[in-house]
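This report concerns only the one structure given below.
The values are calculated or read from the model by the stated rules, or taken from the named source; none is laboratory data. Every value quoted in this text rests on a predicted model; they were computed, and no experiment measured them. Reconstructed Cβ throughout: ideal geometry from the backbone, glycine too, with neighbour counts over all protein chains shown.
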Amino acid sequence: MSALDRLRSVQARLGAGLHEFYVAPYRRTFARAQRDEEDLFMMLVLSEALGVPNPASYYTVELLPVVYDRFHDWHRRMGMERSPLEHISCC
């Protein structure tokens, strides 16, 4: 192993350590922000089925198959014991 390879290895490990040092305190905040964004996305896609008029329903109907897989986790996180939709019974 040459000196240049060792230097690159040390630099890569130092970079990974610094990344972890700066990102670790905010990991929970980032995860919560991502979950909130996904919840909003689910509500927008399912808004027509929930009774909220959605002007973009023509575009969001294509996303329903993707959303159905995560629907159960979403409605439990929103505090709904059972599925609020008649045509989706996941519980």
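Filtered by the rule that a residue be surrounded by 10 or more Cβ atoms within 10 Å (Cβ to Cβ) and not hydrophobic (A, V, I, L, M, F, W, C), the range 1-16 gives 6, 8, 9, 11, 13, 15.
Collect the residues in the range 22-36 that are surrounded by 10 or more Cβ atoms within 10 Å (Cβ to Cβ) and not small (Gly, Ala, Ser), keeping them in residue-number order. The answer is 23, 26, 27, 30, 32, 34, 35, 36.
The residue of the range 32-62 that is modelled with the highest pLDDT, among those that are part of a helix (DSSP H, G or I) and of a type in the set (S, T, N, Q), is 34.
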